[in-house]
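Here's the structure, in structure tokens; my notes come after.
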Amino acid sequence: MSGVTLTIEPGVTVKFNSGLALQIDGTLIARGTNSSNIIFTSNAVTPAPGDWGYIYFNDSIIDATYDENGNYTGGSILEYCVVEYGGGASIATEYNGAVRLYRAHPLINHCTIRDNKASGIRGWGLTGTLKVMNNTISGNTASGYEGGGIFAGSQYYGGASSEPGTLIITGNIISYNTASLFGGGIFAKVSKLTISGNIINNNISLGYYGGGIYYEQTTVNISNNIIANNTVNDYGGGIYSGSVATVMNNTISNNTASTGSAIYFRYPGTVSENTVIGNKSATSSSGSTFYFGIFSAPLINNNNFFNNTTTYELWNNLRQGSPNVNAENNW
């Protein structure tokens, strides 16, 4: 109910029967501790993904607030919580997530979101700042097309322009998530996106783009991540970059795609000081490690390439008359 605060104490386990969910219209304070988590789980004797619905933060919630140093000061929060075996809601699949956010921006910190039959976190209509920090998001399977681990932004690939919110994803482990088309680990379509200090590994896109990360129509900074062992059939095993981005100081390793096994860059950006190792083509020895599409003219410098199983480390597919790719001091 709008204006009402629900506080859940550390150590509480909330069990859901089939088809049931928790909707927040006011404020949810669910703050466990490192040694005493709050658990949202199935009431089945033998739990399985999809046993229950979701935790839904509606647009009327009190968003998380922060001080000038970025520290949480109030509003809705999930902290040291476990959310598991959800995603079984009878709603349109493109809206389904274990944690659902509609125009809502709680802090999600130090949580485990696992084994859900939906995106781990699914947010849309984002206009403020959403922080997803220090979580383990694993084993989730998107019931829509995009974002097995995290989905944030407009509903469909190639649809309306990005939403005006800011998404900060930092310090997380995002692993073993699956999407049917785009962004096995992360799908983002917001105005500002920061992905830093994460381990993004072993995610799968069964379709076209972005085994580990997919983003478009957004200003992006990707730094200090380990992006490893992600897979997509076609483009961008580690990263599919559909907008201007800075990609720096990451380890991008052992990812697989037909084209751009490490990165597929569609628009301009900077790719600098990354370690790029062991990436491979899904089509035997053909393909490329970095692929630059028809609109991109990136700066690629000071990257280290090792043992990538592709025909080309760099493939430039710029339109005739476009600026040249600047690729200096790579090894």
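The values are calculated or read from the model by the stated rules, or taken from the named source; none is laboratory data. It should be emphasised that the depicted structure is a prediction, and the values quoted were computed from it without experimental measurement. Glycine also receives a Cβ, built like all others from the backbone with ideal geometry; neighbour counts cover every protein chain displayed. Accessible surface areas use protein heavy atoms only, side chains included; no ligands, DNA or RNA. Shrake-Rupley method; radii C 1.70, N 1.55, O 1.52, S 1.80 Å.
The table for this structure:
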item	result
Subset of segment 108-154 (residues that are open to solvent by 10 Å² or more (accessible area, probe 1.4 Å), closer than 17 Å to Lys192 by Cβ, part of a strand (DSSP E or B) and not aromatic (Phe, Trp, Tyr))	Thr129, Lys131, Met133
Output for segment 29-45, where each listed residue is surrounded by fewer than 21 Cβ atoms within 10 Å (Cβ to Cβ) and either in contact with a strand residue (DSSP E or B) (Cβ under 8 Å, 6 or more places away or on another chain) or in a strand (DSSP E or B) (or both)	Ile29, Arg31, Thr33, Ser36, Asn37, Ile39, Thr41, Asn43
Segment 272-291, residues that are at pLDDT 90 or above and assigned to a strand (DSSP E or B)	Ser272, Thr275, Val276, Ile277, Lys280
Criterion violated by Trp315 - all others in (1) open to solvent by less than 40 Å² (accessible area, probe 1.4 Å); (2) under 12 Å from Gly260 (Cβ atoms); (3) at pLDDT 70 or above; (4) not hydroxyl-bearing (Ser, Thr, Tyr) satisfied	(1)
Residues of segment 72-89 that turn out to be of a type in the set (A, V, I, L, M, F, W, C) and either touching a residue at least 60 places away in the same chain (Cβ under 8 Å) or more than 13 Å from Ile121 (Cβ to Cβ) (or both), as a count	3
Count of segment 74-107 residues which are in a loop (DSSP other than H, G, I, E, B) and open to solvent by 10 Å² or more (accessible area, probe 1.4 Å)	9
Residues (surrounded by fewer than 24 Cβ atoms within 10 Å (Cβ to Cβ) and assigned to a strand (DSSP E or B)) located in segment 236-255	Thr246, Met248, Thr251, Ser253
Every residue from segment 195-213 that is β-branched (Val, Ile, Thr), open to solvent by 10 Å² or more (accessible area, probe 1.4 Å) and within 21 Å of Thr259 (Cβ to Cβ)	Ile204
Residue list for segment 12-28, restricted to those being part of a loop (DSSP other than H, G, I, E, B) and more than 16 Å from Ile77 (Cα to Cα)	Asn17, Ser18, Gly19, Leu20, Ala21
Filter pass, Val45 being without any contact (Cβ under 8 Å) to a residue 12 or more places away in the chain and within 19 Å of Ser18 (Cα to Cα)	yes
Single condition Asp59 does not satisfy, out of (1) closer than 22 Å to Lys117 by Cα; (2) open to solvent by 30 Å² or more (accessible area, probe 1.4 Å)	(1)
Selection count where residues are open to solvent by 60 Å² or more (accessible area, probe 1.4 Å) and not in a strand (DSSP E or B), scope segment 62-73	4
Residue that is surrounded by the most Cβ atoms within 10 Å (Cβ to Cβ), among those in segment 1-24 that are within 25 Å of the chain's Cα centre (by Cα) and more than 16 Å from Gly50 (Cα to Cα)	Ile24
